[in-house]
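Asks: A single structure is presented below for examination.
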Amino acid sequence: MRKPIMAGNWKMYKTVAEAVDFVRALRDALAGIEGVDKVVCPPFVALAPVAEALEGSGILVGAQNVYWEDQGAFTGEVSPLMLKDVCDLVIIGHSERRQFFGETDETVNRKIKAALARGLTPIVCVGESLEQNEAGQTTAVVSGQVRAAFGGISSDQARGIVVAYEPIWAIGTGRAATAQDANRIIGTAGRATLAELYGDGVAQAMRIQYGGSINPRNVEELMAQPEIDGGLVGGASLKVEDFTALVRAAAGANRPA
Ligand code: PGA
């Protein structure tokens, strides 16, 4: 049985002071909720203070991006070597990075390998645009992104990687995919592709999240789906009450074994 993972992607929100205040409150709110991995992904500058404020809480910390070199003349970048001291996970290939910052399948693959080499757990984002969705290309696009992301990655490494299926049209729009559609795409384009690459055993062990307008009202139905192993959450991860409801729903999800 896969342990669900609920991760908050804060994007470019919260100052350091706000971030620390927030996680102090979150720490109390999430105490005692078991059976789910809880993750917050603040902006780079807040990673270290957030990690310190969460010490001993069991709440994991993730970054939102990483570069693939450990050090060098790469102005403005942050390396896996630097991140490994302050966080456990890193989001790679979020659609906003693909759209606004030139992230490609190739850079995603390089970043995954670099993160793994330093012991960071990648959360690898894949997902189709509205145009691709309407053209019936969803399965091909998502499956292609998964293949490209995992190129040259061994099955032992793959096992620990988290995939987030995030249809771009559902991100920040208030219009989530239906639970049934999300479940179907994750199964047919996500897990089936991983099974082709690594065999069914590995694919069944890997966690695949859904992301895109998850909120306290739709979370239970999404988390009840057998293929959905938690969520990657933007907007609703910025409020303690909402994120707590999401974590609770993932923990209590009544999924088939
Ligand atoms: P959203 O963002 O929950 O605000 O739609 C999700 C994401 O971008 O990871």
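Asks: Are there any pairs, at least 6 apart or on different chains, whose C-beta atoms fall under 9 Å, with the first in segment 12-39 and within 23 Å of residue 211 (Cα to Cα) and the second assigned to a loop (DSSP other than H, G, I, E, B) and of a type in the set (Asp, Glu), and if so, which?
Replies: That search, which allows pairs on different chains as well, returns 39/88.
Asks: Considering only segment 162-191, how many residues are exposed (fewer than 15 other Cβ atoms within 10 Å of the Cβ) and within 10 Å of the ligand (Cβ to nearest atom)?
Replies: Summing the residues that are exposed (fewer than 15 other Cβ atoms within 10 Å of the Cβ) and within 10 Å of the ligand (Cβ to nearest atom) in segment 162-191 gives 4.
Asks: Out of segment 12-35, which residues are at pLDDT 95 or above and either in a loop (DSSP other than H, G, I, E, B) or among the small types (Gly, Ala, Ser) (or both)?
Replies: The answer is 12, 13, 14, 15, 17, 19, 25, 29, 31, 33, 34, 35.
Asks: Test residue 153 against the criterion of being in contact with a Lys or Arg (Cβ under 8 Å, 6 or more places away or on another chain) and more than 16 Å from the ligand (Cβ to nearest atom), and give yes or no.
Replies: Details: in contact with a Lys or Arg (Cβ under 8 Å, 6 or more places away or on another chain): yes; more than 16 Å from the ligand (Cβ to nearest atom): yes.
Taking the combined requirement at face value, the residue satisfies it.
Asks: Still on this model: If you check 124, 86, which single one turns out to be in a loop (DSSP other than H, G, I, E, B) and at pLDDT 95 or above?
Replies: The conditions single out 86.
Asks: Please state which of the following conditions residue 197 fails to meet, knowing it meets all the rest: (1) touching a residue at least 40 places away in the same chain (Cβ under 8 Å); (2) within 16 Å of the ligand (Cβ to nearest atom); (3) assigned to a helix (DSSP H, G or I).
Replies: The one condition residue 197 does not meet is (2).
Conditions tested, residue by residue: (1) in contact with a strand residue (DSSP E or B) (Cβ under 6 Å, 6 or more places away or on another chain); (2) under 18 Å from residue 2 (Cβ atoms); (3) at pLDDT 95 or above.
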| site | (1), (2), (3) |
| --- | --- |
| 204 | no, yes, yes |
| 222 | yes, yes, yes |
| 231 | yes, yes, yes |
| 241 | no, no, yes |
| 251 | no, yes, yes |
| 255 | no, yes, no |
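Asks: On to the next question. Residues in segment 202-257 that are in a loop (DSSP other than H, G, I, E, B), within 16 Å of the ligand (Cβ to nearest atom), of a type in the set (Gly, Ala, Ser) and surrounded by fewer than 23 Cβ atoms within 10 Å (Cβ to Cβ): how many?
Replies: Qualifying residue count, segment 202-257: 2.
Asks: Let me ask something additional. Go through (1) touching a residue at least 24 places away in the same chain (Cβ under 8 Å); (2) assigned to a loop (DSSP other than H, G, I, E, B); (3) surrounded by fewer than 16 Cβ atoms within 10 Å (Cβ to Cβ) one by one and return the number of the condition residue 136 breaks.
Replies: Against the list (1) touching a residue at least 24 places away in the same chain (Cβ under 8 Å); (2) assigned to a loop (DSSP other than H, G, I, E, B); (3) surrounded by fewer than 16 Cβ atoms within 10 Å (Cβ to Cβ), residue 136 comes up short only on (1).
Asks: I've got another one for you. List pairs: first residue in segment 172-183 and in contact (Cβ under 8 Å) with a residue 40 or more places away in the chain, second residue within 15 Å of the ligand (Cβ to nearest atom) and assigned to a helix (DSSP H, G or I) anywhere in the structure, Cβ distance under 8 angstrom, at least six positions apart or on different chains.
Replies: 172/235; 176/170; 176/182; 176/222; 179/222; 182/222
The values are calculated or read from the model by the stated rules, or taken from the named source; none is laboratory data. This structure is a prediction, so every number in the text was calculated from the model and none was measured. Ideal geometry is used to build each Cβ from the backbone, glycine not excepted, and the neighbour counts take in all protein chains shown.
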